[in-house]
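> Have a look at the structure that comes next, please.
The values are calculated or read from the model by the stated rules, or taken from the named source; none is laboratory data. In this text the structure is predicted, and so the values were computed from the model without any measurement. Cβ atoms come from the backbone with ideal geometry, glycine included; neighbour counts cover every protein chain shown. Note: accessible area is taken over every heavy atom of the protein model, side chains too, but ligands, DNA and RNA are not part of it. Shrake-Rupley method; radii C 1.70, N 1.55, O 1.52, S 1.80 Å.
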Amino acid sequence: SLKHETQEISPEFIITTSRPASVYSGNPFQIEVGVVYGGSLSKDKTVKLIRFANRVPLLYQQGDCVSTSAISSIDWRRYGLEQPSGKGIPSGPAIFLTHISSTLIPFTSESKEAIADIPEIESEIKLAFRECARKVQSHIHKKVRRVKTREKFELITKILPEIAKKSSYMLDKPVP
């Protein structure tokens, strides 16, 4: 569904993961996260966070939510995204999606706008995002390697004929 919903930005990489079911205070829950990377997303703005609880979007109080604090506590610089101080919301061409499914969602208030800071939930969100981030990091490194290989190939195709001319001149033989 992320691929379908992000067609207009034409992302270059989409990864999702679902963690196995876990329990906090006797209540089962499951975490699903997704990362959309690249495309026409701005590289200098902070990443966009999309939060869901039992398929209902959480639109307000983003700063009070456990998913935001979990994302902020990860060092995203090691995964290829910009994060000036090593803490906080990273910046880069990405969208982060978090979905918490449970029989009893621990909201911070009656308004159901943010999820409470439960250590078990925060831990599962971090594990899920780190799993996705490793795959995004691999994608970024492959992209960089392809660019470097292309540059080397172009450099060799320019230099090789010159080397052939010089060596044939030095050996008094025809240019191969």
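> Pop the C-beta distance of E110 and K45 into the FRET formula with R0 = 41 Å and round what comes out to the nearest 0.05.
Working: r = 33 Å, r/R0 = 0.79.
That gives a FRET efficiency of 0.80.
> Next question. Which one of T6, C65, P176 has its Cα pushed farthest toward the positive end of the charge dipole of the chain, where Lys and Arg give +1 and Asp and Glu give -1 at the Cβ?
The one lying farthest along the dipole's positive direction is P176.
> Using alpha-carbon pairs under 8 Å, 6+ residues apart, how would you state the relative contact order of the chain in percent? Before the final figure, lay out the partial values.
Working: 284 pairs, mean separation 43.8, N = 176.
About 25 percent, as a whole number.
> Suppose every K and R has +1 on its Cβ and every D and E has -1 on its Cβ; what is the size of the dipole of the chain about the Cα centre, in Debye to the nearest 20?
Once rounded to the nearest 20, the dipole reads 1160 debye.
> Same structure again: Within straight cross-link reach of K173, meaning Cα distance under 16 Å, which aspartates and glutamates are found once same-chain residues fewer than 8 apart are removed?
Those aspartates and glutamates meeting the cut-off are E162.
> Further, regarding this structure: Checking the table K112/K135; K43/K158; K3/K48; K3/K87 against a 22 Å threshold on Cα-Cα, which pairs fail?
Check vs 22 Å cut-off fails for K112/K135; K43/K158; K3/K87.
> Considering the chain as a Gaussian network with a 10 Å cut-off on Cα pairs, which listed residue, V144, V47, V66, attains the greatest mean-square fluctuation?
V144
> Percent of accessible area on the chain owned by carbon and sulfur, 1.4 Å probe?
55
> Against the 2.2 N^0.38 Å scaling, with N counting residues, where does the chain land? I'd like the Cα-based Rg ratio to two decimal places.
1.50
> Under 5 Å between amide hydrogens, which residues at least 5 positions from Y24 or on another chain qualify, with H placed 1.01 Å from N in the peptide plane?
Counting only residues 5 or more places away or on other chains, the set is F29.
> Same structure again: Using the basic label-point model (7 angstrom from Cα toward the beta carbon), what is the K166 to E32 distance in nanometres?
Result for the modelled spin labels: 6.1 nm.
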